[in-house]
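Everything below concerns the one structure shown next.
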Amino acid sequence: MKYLRFILPIIVIAQFCCTSIWFAGNAVMGDLVGNYGLPENVLGHLTSAVQMGFIIGTLVFAILTIADRFSPSKVFFTSAFLASLCNLGILLEVNSLLSILLLRFFTGFFLAGIYPVGMKIAADYYDKGLGKSLGFLVGALVLGTAFPHLAKELMAGHPWKFVLVLTSTLAVLGGFLMFLLVPNGPFREAGNGLELSAFIRVFRNRKFRSAAFGYFGHMWELYAFWAFVPIILKTYSFSHSEAIFNIPLWSFLTIAMGGLACVIGGYLAQIAGTKRIALLALLLSALCCLLSPWMFTLASEGLFLAFLLFWGMVVVADSPLFSTLVAKNAMAEIQGTALTIVNCIGFSITIISIQLLNHLYAITNPVYIYTILAFGPILGILASFEKRNVT
């Protein structure tokens with residue numbers, strides 16, 4: 001079984017490569033607006049299109065139990081290839097606002113066969129130490145989502161289209177790596193066929209529900225925070241004229257630090273327990289939300305950036321841990337479907353919190369709006385403290 005030592009690095013690399021297309025459109029949104037004559041307010045719509053595509057995709061994958069009925073590696077490869085084509089489709093000169101929105105939607109749709117399916121593949125290989133494995137996997141997702149912003153910065157002297165070509169090429173590479181080098185895992189139990197009741201059946205398990213609700217509370221905060229990191233940096237700069245930030249770079253670093261936190265959290269979970277570390281991360285991120293008005297008053301920009309980097313770590317450190325608890329408390333034959341369902345609901349919640357922040361930003365002082373994100377982690381903690389909870 002020596003080959004097993006190489007499986008996790010391959011899965012991690014494949015996940016990083018494929019999720020790099022997630023926010024590829026975000027990294028070149030300014031160029032899309034200029035080149036296709038799109039209205040300025042289309043930026044939010046393009047972001048939401050990917051998220052909505054992912055939500056619908058996870059719903060379809062869950063109802064049809066695709067990740068359990070078919071080889072997960074083949075599903076991953078097929079999804080990566082189709083998502084890369086949708087990403088490249090933006091380069092067509094004949095594109096309009098509608099076609100670009102559709103392309104971003106279907107990019108998100110096929111990402112449903114990448115992120116949760118990648119977690120399913122890891123669960124098929126690592127029964128013990130799953131928390132550490134998913135820590136690396138979600139860390140790869142975090143770096144993948146942040147990568148297009150770094151690519152845009154590094155390719156400042158090249159045409160913007162290079163970012164889309166690069167990320168699509170990486171996605172195809174990641175799909176091939178998974179297809180060629182990662183066969184079905186030793187702990188995989190294939191589904192018995194189409195099971196439309198799986199969506200409801202998984203939530204009958206109390207331990208599964210508790211883990212899922214913790215994940216939902218985490219998701220209320222996560223993507224809203226990521227989406228508003230550049231605005232947080234701008235808000236601080238407006239209040240402190242001496243603060244001059246490279247906003248794309250610091251946005252990348254803030255998000256990317258979460259990848260390191262996922263790995264660290266996975267190792268800590270082996271020592272202190274998965275649930276305990278997940279709840280600690282939830283608590284710390286809730287405190288960051290509540291303390292966020294104070295961080296805008298900091299006279300030291302170094303201290304402000306340190307606070308933001310710390311928030312970027314704890315906001316996502318619990319993600320692989322809750323996914324581990326979900327996977328462990330789901331029936332093996334519908335494990336992939338269970339992970340996909342939880343992703344579907346979790347990402348639906350992100351749209352609500354993002355739109356709420358967007359609304360509050362327009363009508364009130366932006367210094368105080370991030371405290372609303374604390375509700376998610378707090379409710380997640382409360383859900384995890386019911387009697388005879390997940391272990």
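What residue, of Ala269, Ala317, Ala286, is touching a helix residue (DSSP H, G or I) at 6+ places or on another chain (Cβ under 7 Å) and at pLDDT below 90? Don't jump to the end; show me each part of the working.
Working: Ala317 fails: at pLDDT below 90; Ala286 fails: at pLDDT below 90.
From the options Ala269, Ala317, Ala286, the qualifying one is Ala269.
What number of residues within region 60-94 are at pLDDT 85 or above and either among the aliphatic types (A, V, I, L, M) or within 19 Å of His45 (Cα to Cα) (or both)?
Going through region 60-94 one residue at a time, the tally reaches 14.
For region 141-165, give me the residue count where each residue is among the aliphatic types (A, V, I, L, M), free of Cβ contacts under 8 Å to residues at least 40 places away in the same chain and part of a helix (DSSP H, G or I).
Taking region 141-165 as the starting set, the residues that turn out to be among the aliphatic types (A, V, I, L, M) are 141-143, 146, 150-151, 154-156, 163-165.
Now drop any that are not free of Cβ contacts under 8 Å to residues at least 40 places away in the same chain, which leaves 154-156.
Imposing the further condition that a residue be part of a helix (DSSP H, G or I) reduces the set to 154.
Result for region 141-165: 1.
Only one of these is of a type in the set (Gly, Ala, Ser), in contact with a Ser or Thr (Cβ under 8 Å, 6 or more places away or on another chain) and buried (at least 20 other Cβ atoms within 10 Å of the Cβ): Ser73, Ser84. Name it. Full working, then the answer.
Details: Ser73 fails: in contact with a Ser or Thr (Cβ under 8 Å, 6 or more places away or on another chain).
Step by step, each of Ser73, Ser84 is checked, and only Ser84 is of a type in the set (Gly, Ala, Ser), in contact with a Ser or Thr (Cβ under 8 Å, 6 or more places away or on another chain) and buried (at least 20 other Cβ atoms within 10 Å of the Cβ).
Looking only at region 95-124, how many residues end up being surrounded by fewer than 20 Cβ atoms within 10 Å (Cβ to Cβ), of a type in the set (Ser, Thr, Tyr) and at pLDDT below 90?
1
Can you say whether Ser300 is under 22 Å from the mean Cα position of the chain (by Cα) and of a type in the set (Ser, Thr, Tyr), as far as the supplied structure shows? Please lay out each step first, then the result.
On the way: under 22 Å from the mean Cα position of the chain (by Cα): no; of a type in the set (Ser, Thr, Tyr): yes.
The answer is no for Ser300.
Would you tally the residues in region 60-108 being closer than 23 Å to Ala14 by Cα, in contact (Cβ under 8 Å) with a residue 60 or more places away in the chain and outside any helix (DSSP H, G or I)?
The total comes to 2.
Quick one: which residue in Leu194, Leu134 is touching a Lys or Arg at 6+ places or on another chain (Cβ under 8 Å), at pLDDT below 85 and not assigned by TED's automatic domain parsing to the domain that holds Asn329?
Values: Leu134 fails: touching a Lys or Arg at 6+ places or on another chain (Cβ under 8 Å).
Leu194 is the lone residue from the list that is touching a Lys or Arg at 6+ places or on another chain (Cβ under 8 Å), at pLDDT below 85 and not assigned by TED's automatic domain parsing to the domain that holds Asn329.
It is to be established whether one or more residues within region 249-265 are outside any helix (DSSP H, G or I), of a type outside the set (Lys, Arg), touching a helix residue (DSSP H, G or I) at 6+ places or on another chain (Cβ under 8 Å) and surrounded by 24 or more Cβ atoms within 10 Å (Cβ to Cβ). Outline the logic, then answer.
The first filter runs over region 249-265 and keeps only residues outside any helix (DSSP H, G or I), leaving none.
Checked region 249-265: no residue is outside any helix (DSSP H, G or I), of a type outside the set (Lys, Arg), touching a helix residue (DSSP H, G or I) at 6+ places or on another chain (Cβ under 8 Å) and surrounded by 24 or more Cβ atoms within 10 Å (Cβ to Cβ).
Taking Gly44 and the conditions (1) in the same structural domain as Asp124 (by TED's automatic domain parsing); (2) more than 22 Å from Ala146 (Cβ to Cβ); (3) at pLDDT below 90; (4) not hydrophobic (A, V, I, L, M, F, W, C), which numbered condition does it fall short on, given that it satisfies the others?
The failed condition is (2).
The values are calculated or read from the model by the stated rules, or taken from the named source; none is laboratory data. No experiment lies behind these values; they were computed from the predicted model shown. Don't worry about glycine lacking a Cβ; one is built from the backbone with ideal geometry, like all the others, and counts go over all protein chains shown.
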